[in-house]
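J.: Shown below is the structure under consideration.
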Amino acid sequence: MQVKSSIHIILFFLLVGAFNLSGQNSERYSIIPQPKVLNPVTGEFVINNQTALLVNIKNDSWKELADNFAAQVQRVSGIEIPVKDISSPHFGNTIIFKNVENLPTEGYKLFVTPKIITIESTAPNGLFYGIQTLYQLLPVQIYGNEKVSKKIKWNIPCCEINDRPKFSYRGIMLDVGRHFMPKEFIMKLIDLLSMHKQNIFHWHLTEDQGWRVEIKKYPKLTDVGAWRKETTGYPGTPGDGKPHGGFYTQEDIKEVVEYARQRYVTVVPEIELPGHSSAAIAAYPELSCFPDREYEVPTGWGIKKDVFCPNAKTFQFLEDVFTELFDLFPSPYYHIGGDECPKDRWKESAYCQELMKVLDLQNEDELQIFFVQRMNNFLREKGKKTVIGWDEILDGGSVPSTIAMSYRGHAPAMRALSQNMYTILAPNRWCYLDYYQEDMEKEPKTQALFLPLRKVYDYYPVSDTIRAEKQKFILGTQGCIWTEFIHTPERVEYMAFPRAIALAEVGWCDKQDKDWDLFRKKMLKGFQRLDRKNVNYSKAFYNVVYNFDRKSTFPKKVALTLDYPETKIHYTINGKEPTRNSPIYSDSITINKNDIIKAKGYLKNGTQIGKMNEKRF
Ligand code: ACM
């Protein structure tokens with residue numbers, strides 16, 4: 001025993017000692033999110049015509065994953081990997097998907113040696129993630145839908161990986177209410193999330209400006225509520241004169257949910273209540289407190305005052321809607337919105353005021369809690385669902401057993417923790433992916449805050465001040481893509497990527513395992529993968545970014561950053577085009593009025609990276 005373990009230690013140092021993860025190795029093992037434990041080892045496994053894949057073929061989930069892996073390899077390489085039962089004899093060059101006990105549900109171990117690859121996991125979720133890692137270790141041409149014409153060696157570098165996520169909830173939300181996005185794009189987004197081990201797609205399906213899901217009992221929701229006559233945007237902008245709309249049929253939803261199931265992504269539907277419900281009210285005015293008034297699907301953004309009335313008709317309607325959704329979304333989580341519900345109509349309504357007296361409620365915030373409580377009871381009892389709501393569900397009292405999605409900073413999450421309630425962190429300043437990632441003056445208009453990639457990467461949902469026994473109530477984190485200014489799938493991709501990939505690492509890694517320098521090196525491969533998937537990602541990574549106090553009318557200092565690794569920034573402040581002879585940026589620059597800073601990034605070998613960026617102060 002003693003001798004054997006000494007030999008193991010010597011072997012380990014012989015094989016592992018020569019490596020560290022900087023430089024070459026970040027290219028060899030560009031795995032995003034970073035595995036918990038990754039031991040680099042010399043040598044490589046090569047997929048070829050002799051390769052076989054062994055799996056327990058009687059286990060449907062495992063067999064499906066094996067078949068999908070073999071199909072993808074064949075699609076791009078033409079190599080046919082036979083999928084055989086795990087009991088079959090094997091003679092080298094074999095990939096084995098092995099079911100072991102006691103690993104976390106989403107955890108896996110991956111061992112790559114020149115002859116054998118083994119992925120061990122307990123649940124299929126872990127196997128799926130082991131396979132995602134395997135894809136990332138292969139040449140990037142493994143991603144894509146067509147056979148690669150060039151002769152490519154399908155090699156996988158040897159390694160030992162023991163991996164598992166830090167958080168169980170790792171999500172991205174897409175608002176399809178403000179702008180409808182076709183189901184094909186939803187599937188593409190889910191695919192991109194899953195390859196980075198994100199496991200939640202939060203589908204914001206209803207909004208003031210559009211109801212997007214077919215409900216058979218209420219056809220006007222989509223006949224009327226899914227269409228607006230034009231888009232006017234925020235007050236002060238003229239309408240575009242173009243009708244906008246669209247919705248998902250129940251068959252579409254089933255297709256998306258099935259697609260997500262195969263990628264271990266849970267699709268969490270959101271039906272906004274009681275606020276953000278004007279489109280439903282335009283379809284069925286009786287859901288409002290004033291059914292005789294005229295309603296239309298709003299054309300502009302902002303918080304609308306026409307909200308669901310807490311009456312029997314509305315509750316029946318919502319229960320009917322959720323009952324249809326139960327057959328479509330197997331998710332254990334259902335999101336019921338709860339944010340930004342103005343109380344104007346409830347204050348105006350004699351019915352609401354009377355109801356508050358009968359229920360002994362002090363104010364309209366408590367009436368909202370009553371509303372949420374009622375829906376929560378229904379979803380828990382009839383649907384066996386756990387309810388998520390935006391953090392207003394903690395205003396006016398809280399609803400036990402719900403999960404607060406903390407978006408107005410961290411304070412709501414702290415309030416949830418103080419009551420031992422579960423929470424998900426989506427604080428807008430770190431997680432709203434509709435904010436700018438490059439200079440606002442150069443980018444198409446979007447929501448006014450600045451959220452560069454580095455800030456997203458540096459986010460961590462558990463602050464050091466949270467006591468250990470409270471930390472378990474933090475389920476994870478979520479990026480949110482609101483689409484007031486995002487009109488097309490291409491634009492969603494631009495805003496989401498690469499920031500969604502940074503968030504994937506935030507949700508997967510322990511705080512001490514995050515490493516920005518390593519992440520940006522790995523992103524060089526990360527972008528190649530996105531290229532293979534035809535993703536229209538932002539190129540801010542390649543350009544110098546200007547960092548200064550954006551709240552100040554005249555900031556005195558500006559810091560220049562460039563995400564692209566191992567670069568130098570050359571700049572001028574006299575309006576001249578920078579060259580490699582211009583000053584090298586090292587520390588923040590003190591600026592005077594009318595200074596024009598022009599800056600470019602260069603690699604060590606003198607190659608320019610990205611474009612020249614300039615800014616006048
Ligand atoms: C939100 O940003 N209203 C959730």
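J.: Might you let me know whether region 492-515 holds any residue that is in a loop (DSSP other than H, G, I, E, B) and either without any contact (Cβ under 8 Å) to a residue 40 or more places away in the chain or within 16 Å of the ligand (Cβ to nearest atom) (or both)?
T.: No, there is no match, as no residue in region 492-515 is in a loop (DSSP other than H, G, I, E, B) and either without any contact (Cβ under 8 Å) to a residue 40 or more places away in the chain or within 16 Å of the ligand (Cβ to nearest atom) (or both).
J.: Looking only at region 225-237, which residues are part of a loop (DSSP other than H, G, I, E, B) and aromatic (Phe, Trp, Tyr)?
T.: Tyr234
J.: Being closer than 21 Å to Ser61 by Cα and touching a residue at least 60 places away in the same chain (Cβ under 8 Å) is the filter here, so list the residues in region 247-260 that pass it.
T.: Selection gives Lys254, Glu255, Val256, Val257, Tyr259, Ala260.
J.: Can you tell me which of Asn581, Asn613 is touching a residue at least 60 places away in the same chain (Cβ under 8 Å) and either buried (at least 16 other Cβ atoms within 10 Å of the Cβ) or of a type in the set (S, T, N, Q) (or both)?
T.: Selected residue: Asn613, the only one of Asn581, Asn613 that is touching a residue at least 60 places away in the same chain (Cβ under 8 Å) and either buried (at least 16 other Cβ atoms within 10 Å of the Cβ) or of a type in the set (S, T, N, Q) (or both).
J.: Could we say that Val535 is modelled with pLDDT of 95 or more, in a loop (DSSP other than H, G, I, E, B), of a type in the set (Val, Ile, Thr) and closer than 28 Å to Glu27 by Cα here?
T.: Against the criterion (modelled with pLDDT of 95 or more, in a loop (DSSP other than H, G, I, E, B), of a type in the set (Val, Ile, Thr) and closer than 28 Å to Glu27 by Cα), Val535 qualifies.
J.: Looking only at helices (runs of 4 or more DSSP H) that fall completely inside region 113-224, which ones have 2 or more residues that are touching a Pro at 6+ places or on another chain (Cβ under 9 Å)?
T.: In region 113-224, 124-137, 183-195 are the helices (runs of 4 or more DSSP H) which contain 2 or more residues that are touching a Pro at 6+ places or on another chain (Cβ under 9 Å).
J.: Here's a follow-up. For a quick check of your reading of the model, give me the residue pairs whose first member lies in region 417-436 and is under 19 Å from Ser398 (Cβ atoms) and among the β-branched types (Val, Ile, Thr), whose second is outside any strand (DSSP E or B) and more than 12 Å from the ligand (Cβ to nearest atom), with beta-carbon atoms closer than 8 Å and at least 6 apart or on different chains.
T.: Taking only residues 6 or more apart or on different chains, the pairs are Thr423/Ala413; Thr423/Ala416; Thr423/Leu417; Thr423/Phe473.
J.: When Asn428 is evaluated against the numbered criteria (1) surrounded by fewer than 24 Cβ atoms within 10 Å (Cβ to Cβ); (2) more than 13 Å from the ligand (Cβ to nearest atom), which criterion, by number, is the only one it fails?
T.: Among (1) surrounded by fewer than 24 Cβ atoms within 10 Å (Cβ to Cβ); (2) more than 13 Å from the ligand (Cβ to nearest atom), the lone unmet condition for Asn428 is (2).
J.: So, in region 179-191, how many residues would count as being surrounded by fewer than 22 Cβ atoms within 10 Å (Cβ to Cβ) and out of contact with any His (no Cβ under 8 Å at 6 or more places or on another chain)?
T.: Qualifying residue count for the region: 7.
J.: Take Thr483 and tell me if it is within 16 Å of the ligand (Cβ to nearest atom), among the hydroxyl-bearing types (Ser, Thr, Tyr) and within 19 Å of Phe167 (Cβ to Cβ).
T.: Judged against the criteria, Thr483 is not a match.
J.: Continuing with the same structure: Which of the residues spanning region 507-521 are closer than 23 Å to Asn543 by Cβ and surrounded by 17 or more Cβ atoms within 10 Å (Cβ to Cβ)?
T.: Within region 507-521, Asp515, Leu518, Phe519, Arg520, Lys521 qualify.
J.: If you don't mind, there's one more thing I want to ask. Working only within region 561-585, note down all residues that are under 26 Å from Glu27 (Cβ atoms) and not in a loop (DSSP other than H, G, I, E, B).
T.: Of everything in region 561-585, those that are under 26 Å from Glu27 (Cβ atoms) and not in a loop (DSSP other than H, G, I, E, B) turn out to be Thr561, Thr567, Lys568, Ile569, His570, Ile584.
J.: Filter region 588-605 down to residues that are part of a loop (DSSP other than H, G, I, E, B), of a type outside the set (Lys, Arg) and either surrounded by 13 or more Cβ atoms within 10 Å (Cβ to Cβ) or touching a strand residue (DSSP E or B) at 6+ places or on another chain (Cβ under 9 Å) (or both), then give me how many there are.
T.: Number satisfying all stated conditions: 4.
J.: I would also like to ask the following. Just to be sure I understand, how many residues within region 203-217 are without any contact (Cβ under 8 Å) to a residue 40 or more places away in the chain and either among the small types (Gly, Ala, Ser) or farther than 18 Å from Gln316 by Cα (or both)?
T.: The number of residues fulfilling the criteria is 1.
J.: Here's something else I'd like to know. Exactly one of these conditions fails for Ser61: (1) hydroxyl-bearing (Ser, Thr, Tyr); (2) out of contact with any Leu (no Cβ under 7 Å at 6 or more places or on another chain); (3) closer than 23 Å to Arg529 by Cα; (4) not in a loop (DSSP other than H, G, I, E, B). Give me its number.
T.: (3)
J.: Please state which one of Tyr436, Tyr422, Tyr407 is within 19 Å of the chain's Cα centre (by Cα) and away from the ligand (no atom under 12 Å from the Cβ).
T.: Exactly one residue qualifies, and that residue is Tyr436.
J.: Go through region 304-329 and give me each residue that's more than 29 Å from Thr266 (Cβ to Cβ) and either assigned to a loop (DSSP other than H, G, I, E, B) or at pLDDT below 95 (or both).
T.: Across region 304-329, the qualifying residues are Lys304, Lys305, Asp306, Cys309, Pro310, Asn311.
J.: Mind checking which pairs have a first residue in region 323-336 that is among the small types (Gly, Ala, Ser) and a second that is modelled with pLDDT of 95 or more, Cβ under 8 Å, 6 or more apart or different chains?
T.: Listed pairs, sorted by first residue: Ser331/Thr266; Ser331/Val267; Ser331/Val268; Ser331/Pro269; Ser331/Lys385.
J.: Okay, moving on. Search region 272-318 for residues being surrounded by fewer than 17 Cβ atoms within 10 Å (Cβ to Cβ) and among the aliphatic types (A, V, I, L, M), and hand back the single one that is farthest from Gly338 (Cα to Cα).
T.: Ala312
J.: Also, I was wondering about something else. Assess whether Glu340 counts as being more than 16 Å from Asn376 (Cα to Cα), away from the ligand (no atom under 16 Å from the Cβ) and not hydrophobic (A, V, I, L, M, F, W, C).
T.: So Glu340 fails the test.
J.: Scan region 366-397 for residues that are over 22 Å from Gln316 (Cβ atoms), touching a Lys or Arg at 6+ places or on another chain (Cβ under 8 Å) and away from the ligand (no atom under 16 Å from the Cβ) and jot them down.
T.: Thr386
The values are calculated or read from the model by the stated rules, or taken from the named source; none is laboratory data. Only a predicted model underlies this, so the values are computations on that prediction, with no experimental measurement involved. Cβ sites come from the backbone with ideal geometry, for glycine too, and all protein chains shown count toward neighbours.
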